[in-house]
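Asks: Got a structure for you, questions after.
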Amino acid sequence: MIGVNKVILVGNVGKNPDVVTFPSEGAMPVKKASFPLATTESRRNRDNERVEITEWHNVVCWRGLADVAERILHKGVQVYIEGRLQSRSWEDRDGNKRHITEVVADSLLLLSNRQRNEDNASSNNPLVDILNADTEPLGDLPF
């Protein structure tokens, strides 16, 4: 049986990446960058009022991608992330069982260099314009 674990997200970085460097037995230490990413979608409710629904995702970048994230990402920038879901659990200092699901990024593309501005009519980036377009959802899909 074949499985697929693929995640594609476009959203805004919630805070500057937390970067940790781990010593390695090899010549190069291993770097990890983690940050929250907010994805927001807009819908109409039963009263035909527009509501925004925001989901927060924990994103983790390793090695070279962590270097890139550390250099170019900061709170508010819009990014495109491709990766996979990974869940893990551990016991905290108080003995409580903790769980987390993270997006382990394989690639990262910076879509903006500033916070999203609703008053800005055009970003000169067609992909950003399409993703930010005020469109209606497709409705009830048969699947």
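The values are calculated or read from the model by the stated rules, or taken from the named source; none is laboratory data. Being a predicted model, the structure only gives us computed values, none of them experimental. Note that we place each Cβ from the backbone using ideal geometry, even for glycine, and neighbour counts take in every protein chain shown.
Asks: Taking into account only those residues within the range 1-21 that are of a type in the set (A, V, I, L, M, F, W, C) and touching a residue at least 24 places away in the same chain (Cβ under 8 Å), which is farthest from Gln78 (Cα to Cα)?
Replies: Val19
Asks: I would also like to ask the following. If only one of Thr101, Thr135 is among the polar types (S, T, N, Q), more than 16 Å from Asn12 (Cα to Cα) and either in contact with a strand residue (DSSP E or B) (Cβ under 8 Å, 6 or more places away or on another chain) or modelled with pLDDT of 95 or more (or both), which one is it?
Replies: Thr101
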